[in-house]
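J.: My structure is below; once you've seen it, I'll send some questions.
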Amino acid sequence: MPGAWDAKTCLRVAKESGFDAIEFNMEFEGALSPATADADAQALRREADTIGVELSALSTGVYWQKPFTHPDPAVREESLDLCRQQLRLAQAMGVEAILVVPGVVTTDVPYDVAYERAKAALQQLAPDAERRRVVIAIENVWNRFLLSPLEMRDLIDSIGSPYVGVYFDAGNILAYGYPQQWITILGNRIRRVHVKDFRGDIGNIQGFTNPLQGDVPWLAVRAALETIGYNGYITAEVSGYRVFPELGLRHIADALRAVFQS
């Protein structure tokens with residue numbers, strides 16, 4: 001949705017476009033940030049209830065700049081605090097899951113080190129998630145980390161908490177795997193689902209596109225989600241249309257309904 005739209009406009013247009021729910025995003029500053037008071041988050045929920053739109057999850061991009069796996073211990077502490085604030089906001093909004101990028105592998109952060117730091121962070125945060133009754137759902141993203149469904153499965157199982165699960169993104173997998181295989185392997189660890197499409201003939205970040213315009217095997221994804229009994233939210237994480245954004249939103253809603261409700 002256009003960045004100039006306020007929350008009420010986003011909720012209204014989501015409803016008018018045919019969406020059942022919307023996923024808001026926590027930024028470092030703005031309408032939803034770590035500084036947002038519970039009362040303001042609760043007011044947003046009341047606005048959503050009035051308009052008739054559910055709140056599916058609370059996402060964020062802050063962990064790219066402040067990852068659990070950062071070389072600086074002080075930044076890692078900041079990352080933990082950001083997650084605790086995200087959990088607080090989600091609880092205030094009546095949202096049952098948050099999206100978390102679990103870490104980033106870089107030249108300064110080897111893969112095995114990233115794994116141990118991410119695991120330690122999730123172990124520390126699991127009690128907070130349990131107390132808030134909000135799931136920490138880690139997403140598969142282009143972070144050179146958790147590149148196998150077996151690895152992601154084992155990380156979740158090592159935490160041993162029903163409040164630490166997976167936010168599965170079907171489009172992100174296309175560069176190195178098959179979404180239907182990830183879905184069946186991860187099973188009921190999947191707590192939320194993102195969808196976007198991806199064109200393999202482009203093969204880089206410019207290859208992401210709206211649903212039904214790329215190479216995601218949509219019917220196989222649907223069948224895999226049915227196999228594991230997933231009946232939660234399916235959220236389009238896409239850019240939409242640069243002009244006539246309302247039209248783009250209607251097309252996205254129609255595409256999702258054609259795949260998942262036909």
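J.: For VAL216, what residues show an amide H to amide H distance below 5 Å, using hydrogens built from the backbone and excluding near sequence neighbours?
T.: PHE198
J.: Multiply the residue separation of GLU116 and TRP5 by 0.36 nm, subtract the distance between their alpha-carbon atoms, and state the gained length in nm to one decimal.
T.: So the chain would gain 36.0 nm between GLU116 and TRP5.
J.: How would you classify the range 113-262 from its alpha-carbon gyration tensor, with a ≥ b ≥ c the square roots of the eigenvalues: rounded for a/c under 1.5, else prolate if a/b is greater than b/c, otherwise oblate?
T.: It comes out prolate by the Cα gyration axes.
J.: Quick check on the range 20-163: take the gyration tensor over C-alpha atoms, sort the square-rooted eigenvalues as a ≥ b ≥ c, and tell me if it's rounded (a/c under 1.5), prolate or oblate.
T.: prolate
J.: Work out from phi, with θ = phi - 60° and the Karplus expression 6.51 cos²θ - 1.76 cosθ + 1.60, the ³J(HN,Hα) of each residue of the range 247-262, listed in order in whole Hz, and give x for Gly and Pro.
T.: The phi angles translate into 5, x, 5, 5, 5, 5, 4, 5, 5, 5, 5, 4, 6, 9, 10, 7 Hz.
J.: Counting alpha carbon pairs within less than 8 Å and at least 6 residues apart, what relative contact order, in whole percent, applies to the chain?
T.: Dividing the mean separation by the residue count of the chain yields 15 percent.
J.: With r defined as the distance between the Cβ atoms of ARG133 and ARG242 and R0 fixed at 35 Å, what FRET efficiency is calculated, to the nearest 0.05?
T.: Once rounded, the FRET efficiency stands at 0.35.
J.: What chymotrypsin sites (Phe, Trp or Tyr not before Pro) does the range 1-35 have in DSSP loop regions with at most 13 other beta carbons within 10 Å?
T.: Listed in order of number, the matching sites are TRP5, PHE28.
J.: For the range 113-194, run through the trypsin sites (Lys or Arg not before Pro) and keep only the ones in DSSP coil with at most 13 other Cβ atoms within 10 Å of their Cβ.
T.: The qualifying sites are ARG133, ARG144.
J.: Moving to a separate point now. Given the C-alpha centroids of the range 127-155 and the range 1-57, what is the distance between them in whole angstrom?
T.: Value for the Cα centre distance between the two parts: 24 Å.
J.: Work out from phi, with θ = phi - 60° and the Karplus expression 6.51 cos²θ - 1.76 cosθ + 1.60, the ³J(HN,Hα) of each residue of the range 99-114, listed in order in whole Hz, and give x for Gly and Pro.
T.: Each residue of the range 99-114 in turn: 8, 9, 7, x, x, 9, 8, 9, 5, 9, 10, x, 4, 5, 5, 4 Hz.
J.: Run the numbers on the range 171-262 and let me know its relative contact order in percent, using alpha-carbon pairs under 8 Å that are six or more apart.
T.: Contact order relative to length: 30 percent.
J.: Student exercise: in the chain, how many lysine pairs 8 or more apart or on different chains have Cα atoms under 28 Å apart?
T.: 5
J.: Now for a separate question. Just rank ASP128, ASP201, fewest to most, by other beta-carbon atoms within 10 angstrom.
T.: Least to most surrounded, the residues fall as ASP201, ASP128.
No lab work stands behind these numbers, since they all come straight from the coordinates. Being a predicted model, the structure only gives us computed values, none of them experimental. Cβ atoms come from the backbone with ideal geometry, glycine included; neighbour counts cover every protein chain shown.
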